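Trainee: Following this message is one structure expressed as structure tokens.
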Amino acid sequence: MIGVRLLYDSRGWRGYTVEGHAEYAARGEDIVCAAISALAQTGVLALEKTAGIQPEVRIADGMLSCLLPCGLIREQWDRCQVVLDTIVHGLHAIADEYDAYVRIEEVESCR
């Protein structure tokens, strides 16, 4: 199962962590893993290219973590929220369709 942690605070989304494998199908044929992975990686790219910030990213086997850096100005924060809100909606849509393979947890983060 893929576990998704969506991190937020009182101002909005702070980032996300995606971890695990869906095991929906054989490696290389798993559309659930591919969809979640594509969204997670697109979020990183969109934060860099569209929002113009460098997120804190960690990647390991079966794991991607993406967090907003501290000290963003209001304009940067607002652009990041559009990107993250889009990624969150996409992740929820996949989890709704494949609920036996994806679990989403929204976690308040003080950072």
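The values are calculated or read from the model by the stated rules, or taken from the named source; none is laboratory data. All figures in this text were calculated on a predicted structure; none of them were measured in a lab. All Cβ positions, even for glycine, are placed from backbone atoms using ideal geometry, and neighbour counts span all protein chains on display. Side chains are part of the model used for accessible areas, which takes the heavy atoms of the whole protein and leaves out ligands, DNA and RNA. Shrake-Rupley method; radii C 1.70, N 1.55, O 1.52, S 1.80 Å.
Trainee: Provide a single number: the residues in segment 46-62 that are of a type outside the set (A, V, I, L, M), buried (at least 16 other Cβ atoms within 10 Å of the Cβ) and not in a loop (DSSP other than H, G, I, E, B).
Mentor: Final tally of qualifying residues: 0.
Trainee: How about segment 13-34: which of its residues are surrounded by 14 or more Cβ atoms within 10 Å (Cβ to Cβ) and among the small types (Gly, Ala, Ser)?
Mentor: Answer for segment 13-34, where residues must be surrounded by 14 or more Cβ atoms within 10 Å (Cβ to Cβ) and among the small types (Gly, Ala, Ser): 15, 20, 22, 34.
Trainee: So residue 109 fits all but one of (1) at pLDDT 95 or above; (2) open to solvent by 20 Å² or more (accessible area, probe 1.4 Å); what number is the exception?
Mentor: Residue 109 satisfies all of (1) at pLDDT 95 or above; (2) open to solvent by 20 Å² or more (accessible area, probe 1.4 Å) except (1).
Trainee: Checking the condition modelled with pLDDT of 95 or more and in a helix (DSSP H, G or I), which residue from 37, 65 passes?
Mentor: Among 37, 65, only 37 is modelled with pLDDT of 95 or more and in a helix (DSSP H, G or I).
Trainee: Looking at (1) under 17 Å from residue 6 (Cα atoms); (2) surrounded by fewer than 19 Cβ atoms within 10 Å (Cβ to Cβ); (3) over 10 Å from the mean Cα position of the chain (by Cα), find the lone condition where residue 37 falls short.
Mentor: All conditions are met except number (3).
Trainee: Within segment 7-32, can you find the residues that are under 29 Å from residue 110 (Cα atoms) and of a type in the set (Ser, Thr, Tyr)?
Mentor: Across segment 7-32, the qualifying residues are 8, 10, 16, 17.
Trainee: Something else about it: Taking interchain pairs and intrachain pairs at least six residues apart, which have beta carbon atoms under 6 angstrom, with the first residue in segment 69-86 and of a type in the set (A, V, I, L, M) and the second surrounded by 12 or more Cβ atoms within 10 Å (Cβ to Cβ) and assigned to a helix (DSSP H, G or I)?
Mentor: Partner pairs satisfying both residue conditions: 83/46; 83/47.
Trainee: Restricting to segment 98-108, give me the number of residues that are farther than 17 Å from residue 40 by Cβ, of a type outside the set (A, V, I, L, M, F, W, C) and outside any strand (DSSP E or B).
Mentor: 1
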